[in-house]
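> Provided herewith is a single structure, encoded as structure tokens, for subsequent inquiry.
The values are calculated or read from the model by the stated rules, or taken from the named source; none is laboratory data. Keep in mind that what you see is a predicted model, and the values were worked out from it rather than measured. Using ideal geometry, Cβ is built from the backbone for each residue, glycine included, and neighbour counts are taken over all protein chains shown. Keep in mind that these areas ignore ligands, DNA and RNA; they rest on the heavy atoms of the full protein, side chains included. Shrake-Rupley method; radii C 1.70, N 1.55, O 1.52, S 1.80 Å.
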Amino acid sequence: MARKVTWGTPGRTAHYLWPRGKWAFMLPAGILGGGLLALLLLLQAAGMRRPLAPGDVISRHAPIEARCEECHTARRGASDLRCQRCHDPSGAGRLTNGVHVLFGSGDARKAAAAPSLACARCHVEHRGREARLVAVEQIQCTQCHFRSFSAHPEFAVLRAKSAEAPGLKFGHDSAEPARFAGHLADVAKKKGMRSERTCGECHQRSADQRDFTPVSFDLHCASCHAKDGSLGTVDPVPQEDALPPDQIAALGVRAAFRPDEFQVGRGKVGRSAVRHKDEWVLFNLRKLRREIDPAGWAAERGALLARLSQLQRRLVQATPLASLDQAALRARQQSIEMELRGLDARIAAQATGISPPSGLSRVDEVQAATAAAGDAGALAEAQQLKASAYGLAERPGSEVALPADEFEARRRELLAALDAIETADPILAPRAQDLRRRALALAPGEPGGDVLQRVRTQRQAERQRVMDEQSLRAGGIAPPGEALLEPERDAIQRAIEDVQARLVALSGAPAPQASLTPAELQRKKETAEVLTVPCMKCHLFTGAAMARPAAARPVLVRARFEHQPHLLPVQGDCYHCHVAVRKSNVSADLNFGGIQSCRECHKPRSVSQDCLTCHRYHPPAVP
């Protein structure tokens, strides 16, 4: 140790240097920190919160910047529940990572096992007013997927050699075989132009110039296929198979027919001119289908009813929780908790192998009610339902998964049976609607216990959101505007109206009075063929059932694509990407290039190739 040496003292000295104490700096540091904390608290109380914020929020979130509770929870930071409060107010749960996995893979088990990811992990806030919250760093995608566009796999529909399902017969090809000239060659010949320029005759730009308008028969097909507005004629068919206009009007069906186009006599009815979407033809086809294929008719109606029930439930849930008062929130929580208790009981029953009461006595009541009503058709359906129900009750359970085709057939049978139950006993309508939703939620090969667990997880998330909203309300946080949900509600309402219109049309045909003999069945099938002669040139039929046209359905369902940036003059005609269309003579062909055609432009130092250019993480609001 150093020492102080004085003059004349060559030996030791008492003036040693002693080190400071171990905690000597703690007191001044505590005083300084306390003063800084007091200053920040004073600024917070005065409303000057900028020193405490890591940065400005985006401009859309600026109105709530001063209320941290809108996004953050105590000791947990940014909360997913608070994000969903505004961005998924209907509680559909579509903003979670599990739903993203389900949307991408279609595998419910894989989705259930997906890890939970916080919204703030990808959507980073407090980067300034002009920042884009939807701009996600590429590394967030590459942690689970391929790391570069050069490693992008081929499109799944092309890998699986899938086929399109537009519900129409259509040939693009530019060749001219002896019996058929494809639309490219035919249009080019009539318009006097090169075949590569004929695409724009049918595929016309939309008003915003971003893509194409859907192909319309009146605008794009009628000039060639409808001579004087008529598609053809219908030869005379028995009136008991195809009702004449006056009998259709007597059933309360509103449709405008021109009497001079019909030839009625000797028990038959014919038509000299058939229009596109001809109501007389479509009504009689629905009538014939109900007679020829009652099981298929009932299954389709059951599927539509299940879809309607599903959408109506979504519309009810689309009322944002923030718009409910405290009493309504408590009622919603009690309803969810009651549903959770029922789910727990069903899960426990499955685990122990003890099934709940089968309720077969209700089937007996349905049969008795239909017998008393005197409806022979309904009684036959009730008797068949009873036989099926008792057969299922006596059949031992099996853990073997059904093949996809058989699974879908069994689901159709179940939906048809539920429709018969609801028709025979309207009191059971709520239970039938619930069972329809459950039937639609099933996936081939998925055990029932997994389905119940998935539903339970969804209900728990709903309860958590209700409880969080109640805590916010107790803290004086004002609810967000209901206008945030209007686009989603409008989309659900449009889907409901479409399903309701299809149900009205399907159910408008009269029910068959009795089962058909083989001769009657064959005659009615022949009548259906005669009625559809003018339609079969373009439309696909299974018996008397017409495939629903869906020509504008996107093929790459998990991506977004706009034609506008791809229609540059330097890229030439449509054949640059749709090279196979020249030789395509069926509408089921997928006439677009693979991923290699995209790599021609989307490459480094050229066109953008990040994931968000083409892909979306969250599924659409209305599946």
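> Specify the residue that is surrounded by the most Cβ atoms within 10 Å (Cβ to Cβ); the eligible residues are those in region 101-118 that are of a type in the set (A, V, I, L, M) and modelled with pLDDT of 85 or more.
102
> Of the conditions (1) open to solvent by less than 60 Å² (accessible area, probe 1.4 Å); (2) within 30 Å of residue 222 (Cβ to Cβ); (3) part of a loop (DSSP other than H, G, I, E, B); (4) not charged (D, E, K, R), residue 602 clears all except one; give me its number.
For residue 602, the failing item is (2).
> Let me ask something else about it. Within 30 Å of residue 470 (Cα to Cα), open to solvent by 40 Å² or more (accessible area, probe 1.4 Å) and in contact with a strand residue (DSSP E or B) (Cβ under 8 Å, 6 or more places away or on another chain) - does that describe any residue in region 84-95?
No, there is no match, as no residue in region 84-95 is within 30 Å of residue 470 (Cα to Cα), open to solvent by 40 Å² or more (accessible area, probe 1.4 Å) and in contact with a strand residue (DSSP E or B) (Cβ under 8 Å, 6 or more places away or on another chain).
> Can you pull out every residue in region 232-256 that is hydrophobic (A, V, I, L, M, F, W, C), under 20 Å from residue 535 (Cα atoms) and surrounded by 14 or more Cβ atoms within 10 Å (Cβ to Cβ)?
234, 237, 242, 243
> Is there any pair linking a residue in region 545-569 that is closer than 30 Å to residue 301 by Cβ to one that is in a helix (DSSP H, G or I) and of a type in the set (Gly, Ala, Ser), with Cβ under 9 Å and at least six apart or on different chains, and which?
545/296
> Then there is this: Does residue 415 fit the bill of being farther than 18 Å from residue 290 by Cβ and either of a type outside the set (Val, Ile, Thr) or modelled with pLDDT under 75 (or both)? Let's see the steps before the verdict.
On the way: farther than 18 Å from residue 290 by Cβ: no; either of a type outside the set (Val, Ile, Thr) or modelled with pLDDT under 75 (or both): yes.
So residue 415 fails the test.
> What number of residues in region 119-139 are surrounded by fewer than 15 Cβ atoms within 10 Å (Cβ to Cβ), within 25 Å of the chain's Cα centre (by Cα) and over 19 Å from residue 82 (Cα atoms)?
Here the count works out to 1.
Yes or no, residue by residue, for (1) in a helix (DSSP H, G or I); (2) within 30 Å of residue 105 (Cα to Cα); (3) out of contact with any Pro (no Cβ under 6 Å at 6 or more places or on another chain); (4) open to solvent by less than 70 Å² (accessible area, probe 1.4 Å):
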| position | (1), (2), (3), (4) |
| --- | --- |
| 144 | no, yes, yes, no |
| 147 | no, yes, yes, no |
| 189 | yes, no, yes, no |
| 193 | no, no, yes, yes |
| 207 | no, no, yes, no |
| 218 | yes, no, yes, no |
| 222 | yes, no, yes, yes |
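> While we're looking at this one, here's another question. Are there any pairs with C-beta distances below 8 angstrom linking a residue in region 241-252 that is farther than 16 Å from residue 291 by Cα to a residue that is open to solvent by 60 Å² or more (accessible area, probe 1.4 Å), with the two at least 6 apart or on different chains, and if so which?
Within 8 Å, the pairs are 244/264; 245/259.
> Is it true that some residue in region 569-581 is farther than 26 Å from residue 490 by Cα, within 25 Å of the chain's Cα centre (by Cα) and small (Gly, Ala, Ser)?
Checked against the condition, which is being farther than 26 Å from residue 490 by Cα, within 25 Å of the chain's Cα centre (by Cα) and small (Gly, Ala, Ser), region 569-581 yields no hits at all.
> Within region 159-187, how many residues are modelled with pLDDT under 80 and open to solvent by 50 Å² or more (accessible area, probe 1.4 Å)?
6
> Does region 107-141 hold any residues that are more than 30 Å from residue 70 (Cβ to Cβ) and free of Cβ contacts under 8 Å to residues at least 24 places away in the same chain, and which are they?
107, 110, 113
> When you go through (1) under 26 Å from the mean Cα position of the chain (by Cα); (2) farther than 22 Å from residue 434 by Cα; (3) exposed (fewer than 14 other Cβ atoms within 10 Å of the Cβ) one by one for residue 480, which number turns out not to apply?
So the condition that residue 480 fails would be (3).
> What residue, among those in region 256-282 that are under 36 Å from the mean Cα position of the chain (by Cα) and among the β-branched types (Val, Ile, Thr), is farthest from residue 246 (Cα to Cα)?
Step by step, filter region 256-282, then rank; the result is 274.
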